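Worksheet: one structure, shown below.
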Amino acid sequence: MKVRVKFFAILRERAGTAEVVHELTEGATVADLWRDLQQHFPKLDVPGIRLLYAVNQNYVGSNDTLHDGDEVVFIPPVSGG
Amino acid sequence: MKVRVKFFAILRERAGTAEVVHELTEGATVADLWRDLQQHFPKLDVPGIRLLYAVNQNYVGSNDTLHDGDEVVFIPPVSGG
Amino acid sequence: MFRVQDEPIDLNELVRYVTDAEAGAIATFIGTTRNNNEGRSVIALDYESYPEMAERELARIGAEAAQKWQIRRMAIVHRLGPVQIGEASVIIAVSSAHRDAAFAASRFAIEEIKKTVPIWKKEVFEGGEVWIGTQSGQPLQR
Amino acid sequence: MFRVQDEPIDLNELVRYVTDAEAGAIATFIGTTRNNNEGRSVIALDYESYPEMAERELARIGAEAAQKWQIRRMAIVHRLGPVQIGEASVIIAVSSAHRDAAFAASRFAIEEIKKTVPIWKKEVFEGGEVWIGTQSGQPLQR
């Protein structure tokens with residue numbers, strides 16, 4: 001299955017891209033995807049950063065299972081306002 | 001001595017005038033003035049009303065002594081905002 | 001800027017006045033005329049003031065707020081005369097470096113205005129009119 | 001009205017939107033760019049968002065506020081891209097019959113925005129730039 005990953009803010013800069021489509025094995029979780037991505041984009045590992053996870057624009061847990069076509073975003077600490 | 005009294009809101013309507021100059025004996029207090037005014041304008045006595053007192057645009061107590069030329073206002077319950 | 005006036009209040013004027021390069025927050029409060037009050041259908045409010053003392057009291061509120069909180073600038077303008085439904089009778093604007101102060105000061109200002117500033121509101125409703133606060137016979141809280 | 005946009009935010013648009021004949025109070029909060037932060041001289045802030053989710057979260061905040069307090073209408077607009085000193089990055093406007101609800105809801109909204117809405121601020125200061133919240137390594141409070 002394939003998921004679409006969007007990068008924002010510091011993760012976009014670290015990844016060097018705003019979006020990738022990534023192939024995963026069936027049953028993979030958000031955490032699995034993050035481990036894969038860190039292999040492809042080693043700079044994504046920002047020391048001490050605490051991420052939140054969104055799938056299809058809703059916050060989810062890191063152990064949630066992904067599905068084909070999902071839009072996944074790793075959300076660095078927000079700082080709007 | 002003479003003081004200038006300004007009436008506002010319900011007291012202006014009850015007095016039928018916005019301003020009077022009133023003659024007082026030396027040493028008269030705010031409360032004395034109010035008693036005098038009620039003689040001249042019987043309708044000023046609004047049942048249950050709680051007044052505050054201002055002399056020269058500062059809140060004062062009813063036992064404060066007045067001086068010649070003072071501007072005195074009897075302040076009905078305020079309701080700005 | 002502490003003022004009473006007959007003209008409609010210009011929110012932008014107040015916000016411009018309190019805008020400050022060292023401020024990160026501006027809180028405003030707008031009091032508007034509601035079409036109903038205690039079961040009565042309100043047509044308009046009509047405000048009267050003791051203007052010199054009202055402006056002095058508004059400035060006193062600003063000075064007190066500046067002592068209590070770290071605010072940058074503050075403006076309070078109260079309108080006089082008839083105020084139609086949906087229009088502003090009073091606007092408060094306050095800026096501060098951090099938002100706590102702006103929120104606290106704007107809240108403080110409206111509460112104080114309702115307690116100590118010599119401004120009176122006559123409510124014109126369907127079937128009559130009344131000076132608010134006067135008919136109740138309740139003692140004024142200082 | 002729950003929106004992110006590149007253009008400057010028009011306070012009047014939001015206030016008009018929340019103006020309501022049954023409202024007696026409108027509270028607004030304006031977040032502005034401060035010229036200093038933690039000892040740094042700030043030149044500008046540069047905001048980025050995940051726009052579809054940011055607008056969804058803003059609307060969620062509005063819905064939650066409407067459940068908690070008796071508000072009439074609410075608007076939140078957050079600006080994206082560069083925001084110069086003194087300009088507004090976010091404006092919240094909320095109307096209610098009685099002022100408690102408007103004050104509480106506007107305060108709630110800005111606190112929630114800072115916690116849950118996917119918007120990020122890069123601070124451009126004299127000598128560098130930093131994504132706020134990222135360098136500190138502090139856990140994000142949910």
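The values are calculated or read from the model by the stated rules, or taken from the named source; none is laboratory data. Model, not experiment: these values are computed from the prediction. Here the Cβ positions follow ideal geometry from the backbone for every residue, glycine too, while neighbour counts run over all protein chains shown.
So for segment D:14-32 (the condition being within 12 Å of chain C (Cβ to nearest Cβ), more than 26 Å from D:HIS98 (Cα to Cα), of a type outside the set (D, E, K, R) and crowded, with 16+ Cβ neighbours inside 10 Å), does at least one residue qualify? Can you show your working first?
Filtering segment D:14-32 down to residues within 12 Å of chain C (Cβ to nearest Cβ) leaves D:14-16, D:18-32.
Applying the additional criterion that residues be more than 26 Å from D:HIS98 (Cα to Cα) yields D:32.
Remaining after also requiring of a type outside the set (D, E, K, R): D:32.
From what is left, the residues that are crowded, with 16+ Cβ neighbours inside 10 Å are D:32.
Looking for residues that are within 12 Å of chain C (Cβ to nearest Cβ), more than 26 Å from D:HIS98 (Cα to Cα), of a type outside the set (D, E, K, R) and crowded, with 16+ Cβ neighbours inside 10 Å, one finds at least one in segment D:14-32, hence yes.
For segment D:43-88, name all the residues that are part of a strand (DSSP E or B), of a type in the set (Val, Ile, Thr) and surrounded by 19 or more Cβ atoms within 10 Å (Cβ to Cβ). Let's see the steps before the verdict.
First, the residues of segment D:43-88 that are part of a strand (DSSP E or B): D:43-49, D:71-79, D:81-84, D:88.
Now narrow it down to the ones that are of a type in the set (Val, Ile, Thr): D:43, D:71, D:76-77, D:83.
Scanning segment D:43-88 gives D:ILE71, D:ILE76, D:VAL77, D:VAL83.
Would a scan of segment D:45-54 turn up a residue that is in contact with a strand residue (DSSP E or B) (Cβ under 9 Å, 6 or more places away or on another chain), without any contact (Cβ under 8 Å) to a residue 24 or more places away in the chain and within 12 Å of chain C (Cβ to nearest Cβ)?
No, because not a single residue in segment D:45-54 is in contact with a strand residue (DSSP E or B) (Cβ under 9 Å, 6 or more places away or on another chain), without any contact (Cβ under 8 Å) to a residue 24 or more places away in the chain and within 12 Å of chain C (Cβ to nearest Cβ).
Only one of C:ALA27, C:ALA105 is touching a residue at least 40 places away in the same chain (Cβ under 8 Å) and either part of a helix (DSSP H, G or I) or touching a Cys at 6+ places or on another chain (Cβ under 7 Å) (or both); which? Step through it out loud before you land on a result.
Values: C:ALA27 fails: either part of a helix (DSSP H, G or I) or touching a Cys at 6+ places or on another chain (Cβ under 7 Å) (or both).
On inspection, the qualifying residue turns out to be C:ALA105.
Sort out which residues of segment A:8-39 are among the basic types (Lys, Arg) and either in contact (Cβ under 8 Å) with a residue 24 or more places away in the chain or within 14 Å of another protein chain (Cβ to nearest Cβ) (or both), and write them in order of number.
Going residue by residue through segment A:8-39, those that are among the basic types (Lys, Arg) are A:12, A:14, A:35.
Listed by number, the residues that qualify are A:ARG12, A:ARG14.
What about D:GLU111, is it touching a strand residue (DSSP E or B) at 6+ places or on another chain (Cβ under 7 Å), acidic (Asp, Glu) and at pLDDT 90 or above?
Numbers: touching a strand residue (DSSP E or B) at 6+ places or on another chain (Cβ under 7 Å): no; acidic (Asp, Glu): yes; at pLDDT 90 or above: yes.
It is false that D:GLU111 is touching a strand residue (DSSP E or B) at 6+ places or on another chain (Cβ under 7 Å), acidic (Asp, Glu) and at pLDDT 90 or above.
Quick check on segment D:14-24. Is at least one of its residues in contact (Cβ under 8 Å) with a residue 60 or more places away in the chain, under 14 Å from the mean Cα position of the chain (by Cα) and assigned to a strand (DSSP E or B)? Give the derivation first.
We begin by selecting, within segment D:14-24, every residue in contact (Cβ under 8 Å) with a residue 60 or more places away in the chain; these are D:14-15, D:17-20, D:22-24.
Subset that is under 14 Å from the mean Cα position of the chain (by Cα): D:14.
Okay, now just the ones that are also assigned to a strand (DSSP E or B), so none.
Looking through segment D:14-24, none of the residues is in contact (Cβ under 8 Å) with a residue 60 or more places away in the chain, under 14 Å from the mean Cα position of the chain (by Cα) and assigned to a strand (DSSP E or B).
For chain B, which fully contained strands (runs of 3 or more DSSP E) count at least 3 residues that are among the β-branched types (Val, Ile, Thr) and surrounded by 14 or more Cβ atoms within 10 Å (Cβ to Cβ)? Steps first, please.
Values: elements: B:2-6, B:19-23, B:52-55, B:58-60, B:71-75.
Answer list for chain B: B:71-75.
What are the residues in segment D:34-77 that are within 25 Å of C:ALA97 (Cα to Cα), at pLDDT 95 or above and of a type outside the set (A, V, I, L, M, F, W, C), if any?
D:ASP46, D:TYR47, D:GLU48, D:SER49
Please state which of the following conditions D:THR116 fails to meet, knowing it meets all the rest: (1) within 10 Å of chain A (Cβ to nearest Cβ); (2) hydroxyl-bearing (Ser, Thr, Tyr); (3) more than 28 Å from A:ILE49 (Cα to Cα).
Here D:THR116 clears every test but (3).
Please go through (1) within 23 Å of B:VAL60 (Cα to Cα); (2) more than 14 Å from the chain's Cα centre (by Cα) for C:GLN70 and return the number of the only condition it doesn't satisfy.
Here C:GLN70 meets the rest and fails (1).
Looking at C:GLY127, C:GLY133, which is the one that is within 11 Å of chain B (Cβ to nearest Cβ) and at positive phi? Step through it out loud before you land on a result.
Numbers: C:GLY127 fails: within 11 Å of chain B (Cβ to nearest Cβ).
When all the criteria are applied, what remains is C:GLY133.
When you scan segment C:34-41, do you find a residue that is in a strand (DSSP E or B), free of Cβ contacts under 8 Å to residues at least 24 places away in the same chain and at the interface with chain D (Cβ under 10 Å from one of its Cβ atoms), even just one? Explain how you work it out, then say what you get.
Here is the first cut: in segment C:34-41, the residues in a strand (DSSP E or B) are C:36-37, C:40-41.
Narrowing the set further to residues that are free of Cβ contacts under 8 Å to residues at least 24 places away in the same chain leaves C:36.
Filter once more, keeping what is at the interface with chain D (Cβ under 10 Å from one of its Cβ atoms): C:36.
There is at least one residue in segment C:34-41 that is in a strand (DSSP E or B), free of Cβ contacts under 8 Å to residues at least 24 places away in the same chain and at the interface with chain D (Cβ under 10 Å from one of its Cβ atoms).
Within segment C:1-12, which residues are within 12 Å of another protein chain (Cβ to nearest Cβ) and either under 25 Å from D:ALA109 (Cα atoms) or of a type in the set (Asp, Glu) (or both)? Talk me through it step by step, then tell me what you get.
Within segment C:1-12, the first condition is being within 12 Å of another protein chain (Cβ to nearest Cβ), and the residues that meet it are C:4, C:9-12.
Correct list: C:ASP10, C:LEU11, C:ASN12.
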